[in-house]
1. What residue, of E88, E162, E176, E147, is within 28 Å of E32 (Cα to Cα) and either at pLDDT below 85 or over 21 Å from the mean Cα position of the chain (by Cα) (or both)?
2. Is the range 136-145 home to any residue that is surrounded by fewer than 16 Cβ atoms within 10 Å (Cβ to Cβ) and free of Cβ contacts under 8 Å to residues at least 60 places away in the same chain?
3. Evaluate the range 38-49: report whether one residue or more is outside the structural domain of I163 (by TED's automatic domain parsing), surrounded by 15 or more Cβ atoms within 10 Å (Cβ to Cβ), in a loop (DSSP other than H, G, I, E, B) and at pLDDT below 85.
4. List every residue pair whose Cβ atoms lie under 8 Å apart, where the two residues are 6 or more positions apart in sequence or sit on different chains, the first residue falls within the range 32-45 and is without any contact (Cβ under 8 Å) to a residue 40 or more places away in the chain, and the second residue, located anywhere, is among the acidic types (D, E) and not in a strand (DSSP E or B).
5. Which condition does L60 not pass, out of (1) at pLDDT 70 or above; (2) assigned to a loop (DSSP other than H, G, I, E, B); (3) on the phi < 0 side of the Ramachandran plot, if it passes all the others?
6. When you scan the range 163-173, do you find a residue that is small (G, A, S) and without any contact (Cβ under 8 Å) to a residue 40 or more places away in the chain, even just one?
Amino acid sequence: MGADIHVSVEVRDKNGIWKVAKNPLVACDMCESTGEDRRYQICKFCEQKPNEHADGIKCLYMDTSIELIYAPCYWCKGKKKRRIEFYEGRNYNFFARLANVRNHGVEALSDDRGFPPDVTPAVEKMWDWNNGGNTDLHSHGYFTLAELDQHKDWKSYDGFFEITTLPLLRKLGAPEDVRFLFCFDN
């Protein structure tokens, strides 16, 4: 059994109100933005995998030869873009650096800092499993982008965070107006 991180991102608007950021919409890397799953083809008429007969490929519903097309990509549903998480991964060195979770000698930036007092109700409800009887969530914390940017060594702890997460966060607003909230389960 391993530890997993759960992440939300909030952005402060012009009026000083924190709002939950939508997960980023990016070009689908699973289908190379074609919208198609090139692993198998489907019948253009019924959109099902065709029956293969000795006398050729036939539609499941019509006893006729068919035109084949590629199935839509499972990840983007044929739309060529998909929403991704701000952070995807399980890297214990990163968890240790961020929040002293699964730590075996890494200098931690925080130790169960908790969520900020002005956390959005949506994030508070989303990650407050304790009210629902599940007490597995622990080590709640957050950092503003400004705080994260003070530490230039992220790549040595987690390349995905350095290469993907931080650039996504920087697109959302000023460093002091973007915050990365997290907690962990076991």
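1. Among E88, E162, E176, E147, only E88 is within 28 Å of E32 (Cα to Cα) and either at pLDDT below 85 or over 21 Å from the mean Cα position of the chain (by Cα) (or both).
2. Within the range 136-145, one or more residues are surrounded by fewer than 16 Cβ atoms within 10 Å (Cβ to Cβ) and free of Cβ contacts under 8 Å to residues at least 60 places away in the same chain.
3. Within the range 38-49, one or more residues are outside the structural domain of I163 (by TED's automatic domain parsing), surrounded by 15 or more Cβ atoms within 10 Å (Cβ to Cβ), in a loop (DSSP other than H, G, I, E, B) and at pLDDT below 85.
4. As it stands, the answer is C43/E67; K44/E67; F45/E67, since those pairs meet every condition given.
5. (1)
6. No, that holds for no residue.
Residue-by-condition table, conditions (1) over 21 Å from G159 (Cβ atoms); (2) touching a residue at least 24 places away in the same chain (Cβ under 8 Å); (3) surrounded by fewer than 15 Cβ atoms within 10 Å (Cβ to Cβ):
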{"position": "L98", "(1), (2), (3)": "no, yes, no"}
{"position": "V101", "(1), (2), (3)": "no, yes, no"}
{"position": "D112", "(1), (2), (3)": "yes, yes, yes"}
{"position": "P116", "(1), (2), (3)": "yes, yes, no"}
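The values are calculated or read from the model by the stated rules, or taken from the named source; none is laboratory data. Not measured: the values here are computed from a predicted model. Don't worry about glycine lacking a Cβ; one is built from the backbone with ideal geometry, like all the others, and counts go over all protein chains shown.
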